[in-house]
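Student: Take this structure first; my questions come after.
Bear in mind these aren't lab numbers, they're just calculated from the coordinates by the rules spelled out. As the structure is a computational prediction, the values presented were derived from the model and not from experiment. Using ideal geometry, Cβ is built from the backbone for each residue, glycine included, and neighbour counts are taken over all protein chains shown.
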Amino acid sequence: MRAKLGRALLGALVAGLPAILFGVATDGSYLGQMLIWAAAACVQAASLRLVMLIGEINLSTAGFCAIGAYGAGYLGSTFGVPMLASLAFGALLAAALSVPFGYLTFRSKGPYFLLIGFCVSEVVRLLLTRAEFLGGNSGLVGIVPDLPSYAAIAAFLAVLTIVALYIAETSTLGLLFRAIRNHEPLVQAVGINVRRVKIACLAIASAAVGLSGGLQAYANSVIAPGDFSFLLSVYALAYVKFGGDGSVIGACLGAVLLTVISQYMLGLGADQTILFGGALLVGLIVMPRGVYGTVLALLHRLRRGRTATGIAIPVARDGT
Amino acid sequence: MDAAAPLLELRDVTKRFGGLVAVRALNFAIHRGEVLGLIGPNGAGKSTTFNLIGGFYAPTAGEVLFESRRITGSEPHVAARMGIVRTFQHGSVFRDLTVRDNITVGATATVRGHASREARVRETARMLGLEHRLDDPAQALPSGHQRLLSIAIAMAAQPVLLCLDEPLAGLNPAETQEVLDVIARIRRELGVTVLLVEHNVGAVMRICDRIVVLNFGAKLAEGTPVEVRENEHVIDAYLGRAN
């Protein structure tokens, strides 16, 4: 356990410190904006992947992202609540609302759960277009960070959230997530309230994705319901599948790569939906283990080649 | 607590699926410390009975009592925390997890505290002869060890009544003997009561104190292995005549 924590902190330092420094250097510029988008995308990918550990594809990700963004944005813009408090409120609101949603929907699983998640995301979006106090269709404006170096702060909060998700994954609770994916009735049969564990998983994932929504809101200063269509969930799935679903590193790698590429594609005027669809296909067909999984496998093969007399250790096909 | 009262009792339990009556007004009891076998032809209602005891199905009528308390319709995890823990057919385990993690999941709900849970995992692994394979992924185990692991997961949850669903199916004679020895040891050393559904009649006759025979969802016979083996109805419906 302690070794895992050490690894998490080391990973956070290796990936997070440059990101934060980059944020300090680029604050206010286009690159700074892109850093925040990438950071939010990383959190969204990691959140979606956490629910994948229990074997479900959670398309309600977009809905809870919207709830986090509007929760934070409303407090910040309308009541002038400090940014960090608004962000925390958005995350907690998303987590709190995910509990009744999970209680009702975890009676279903597989394609049914996926469809319900899709519906929830769209219902949230449609309700937001009707909510006049939240700006309706045209959205909420004037969500401005009240602290300097917002890009660095956003990167820091994203890293913190991803480390928290990693710790959840490697804890006893995370072990139960994976056990549920393997054999749900067997988990029940040894006395575990499976539905409660699933709700805990969803609440943690929703808190994270709610925070990512808040980060996005403060980066763009304007949010509209259209920013949170179910496509946001599908993009998160593309990040995870393209980067590699075997680890949180793969999910983040996919998020960063696709965010950067899509920004260049937008420059070319192409539709990013095509890019994400293509990335999902590449992930599924060419690299079932994603970019990160494929790189790991290549490195492993190289190392094995070098130690010609060594004993070959087979790699698990699925990196979990 | 009344020591003479049965550990588990089924009273007129019926389970209907639409028009099909899977279990019909079933009555039997399991006594503390015994090994009870549940046998019968395919479709006799053995698995349904198992699911009714473990809380995976709620009976259409009748009631289930455990330690003289009504547990009818309790959810599986509630039944498990009271001490009714079951395994699944084909030695179901958590394939992607290591042996250690498999047994840890078994102990999570019923053993509190990190240190005592770890101790429970080690102790359970030793009891089932898996202590040298703790770090192996479950899917890498040979089928006999996988079967033992499925029992280890259940044992880690500290059952009072251990329900084994076809623990011998598909095993070779050596593996079968190993599992039978484990069951005998669990009963003898830990005083755990065992209910088992099994098609290997020879093994059931050897290990069980009493046997309940089901046919078409109803009880056909109940008694010691000798009584059941000589029962005309059982011979006609299930065992067949040696000639």
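Student: Enter the Cα centre distance for the pair the range A:275-307 and the range A:1-50, rounded to the nearest angstrom.
Tutor: Centre-to-centre distance over Cα atoms comes out at 22 Å.
Student: By count of other Cβ within 10 Å, fewest leading, how are A:S77, B:S116 ordered?
Tutor: B:S116, A:S77
Student: Then there is this: For chain A, just give the cysteines left without a disulfide-compatible partner, judged by no other Cys Cβ under 4.7 Å.
Tutor: A:C65, A:C119, A:C201
Student: State which helices in chain B qualify, where a helix is a whole DSSP H run, it must extend 18 Å or more along its own axis by its Cα atoms, and its mean Kyte-Doolittle hydropathy must be at least -0.5.
Tutor: B:143-156, B:173-190
Student: Return the Cα extents of the range A:2-229 along principal axes one, two and three, sorted largest first, each rounded to a whole Å.
Tutor: Ordered largest first, the range A:2-229 gives principal extents of 53, 46, 25 Å.
Student: Looking only at other chains, what is the average number of their beta-carbon atoms within 10 angstrom of each beta-carbon in B:93-102?
Tutor: Taking the mean over all residues of the peptide, I get 4.
Student: What ranking of B:V226, B:V85 emerges when the number of other C-beta atoms within 10 Å of each C-beta is taken as an exposure proxy, fewest first?
Tutor: B:V226, B:V85
Student: Can you tell me the order of A:240-249, A:167-176 when each peptide is scored by its average per-residue count of other Cβ atoms within 10 angstrom, highest first?
Tutor: Output ranking for A:240-249, A:167-176: A:240-249, A:167-176.
Student: Per 5 Å bin, what is the whole-percent P(r) computed from every C-alpha pair distance within the range A:152-278?
Tutor: Per 5 Å bin, starting at zero, the Cα-Cα P(r) for the range A:152-278 comes out as 2, 9, 15, 20, 20, 14, 9, 6, 3, 1, 0, 0 percent.
Student: For the range A:192-233 and the range B:165-216, compute the distance between their C-alpha centroids and round to whole Å.
Tutor: Measuring centre to centre over Cα atoms gives 50 Å.
Student: Between B:S143 and A:L9, how many nm apart are label points set 7 Å from Cα along the C-beta direction?
Tutor: A separation of 4.9 nm, rounded to one decimal place.
Student: Assuming R0 = 56 Å, can you tell me the calculated FRET efficiency for the pair B:A4 and A:Y30, based on Cβ-Cβ distance, to the nearest 0.05?
Tutor: Once rounded, the FRET efficiency stands at 0.10.
Student: Beta carbons within 10 angstrom, averaged per residue: use that to sort the peptides B:208-221, B:163-176, highest first.
Tutor: Averaged packing, sorted descending, gives the order B:208-221, B:163-176.
Student: Continuing with the same structure: How would A:K4, B:K15 line up from fewest to most surrounding beta-carbon atoms within 10 angstrom?
Tutor: Sorted ascending by nearby Cβ count, the order is A:K4, B:K15.
Student: If you take each beta carbon of peptide A:177-185 and count the beta carbons of other chains within 10 angstrom, what is the mean?
Tutor: Whole-number average of other-chain Cβ neighbours for A:177-185 is 5.
Student: If we sort A:69-75, A:95-101 on the protection proxy, mean other Cβ atoms within 10 Å, highest first, what's the order?
Tutor: Top to bottom by mean Cβ count within 10 Å: A:69-75, A:95-101.
Student: At 27 Å minimum axial length over the Cα atoms and a Kyte-Doolittle cut of 1.6, report the qualifying DSSP H helices in chain A, or say none.
Tutor: A:83-105, A:150-170, A:248-267
Student: Where does chain B land on Rg(C-alpha)/(2.2 N^0.38 Å)?
Tutor: Its radius of gyration relative to the 2.2 N^0.38 Å reference: 1.00.
Student: While we're on this one: For the range A:1-135, count the residues as N, evaluate 2.2 N^0.38 Å, and divide the Cα radius of gyration by that value, please.
Tutor: This ratio for the range A:1-135 stands at 1.23.
Student: Where the centre of each part is set by its Cα atoms, how far does the range A:117-150 sit from the range B:19-73, in angstrom?
Tutor: Spelled out, the Cα-based centre of one part sits 54 Å from the other.
Student: What does the convex hull of the Cα atoms of the protein assembly as shown come to per residue, in Å³, rounded to a whole number?
Tutor: Hull volume over Cα atoms, normalised by residue count, gives 195 Å³.
Student: Now a separate question. On a 29 Å Cα-Cα criterion, which of the cross-link pairs A:K4/A:K241; A:K198/B:K46; A:K4/A:K109 come out too long?
Tutor: Among A:K4/A:K241; A:K198/B:K46; A:K4/A:K109, the Cα-Cα distance tops 29 Å for A:K198/B:K46; A:K4/A:K109.
Student: Here is a further query. Which whole number gives the average, over all residues in B:84-91, of C-beta atoms from other chains lying within 10 Å of the residue C-beta?
Tutor: 2
Student: Sticking with this one: About its Cα centre, how strong a charge dipole does chain B have in debye, to the nearest 20, once Lys and Arg get +1 and Asp and Glu get -1 at the Cβ?
Tutor: Result for chain B is approximately 400 debye, rounded to the nearest 20.
Student: Pick from A:I223, A:I153, A:I285: which residue has the top mean-square fluctuation in a GNM of chain A where Cα pairs under 10 Å get a spring?
Tutor: For chain A, modelled as a Gaussian network with Cα springs under 10 Å, the answer is A:I285.
Student: Given the options A:M265, A:M52, A:M287, state which has the largest fluctuation in a GNM of chain A using a 10 Å cut-off (strictly under) for Cα springs.
Tutor: A:M265
Student: For a distance above 16 Å, tell me the whole-number percent of Cα pairs in the range B:12-68 that qualify.
Tutor: 43
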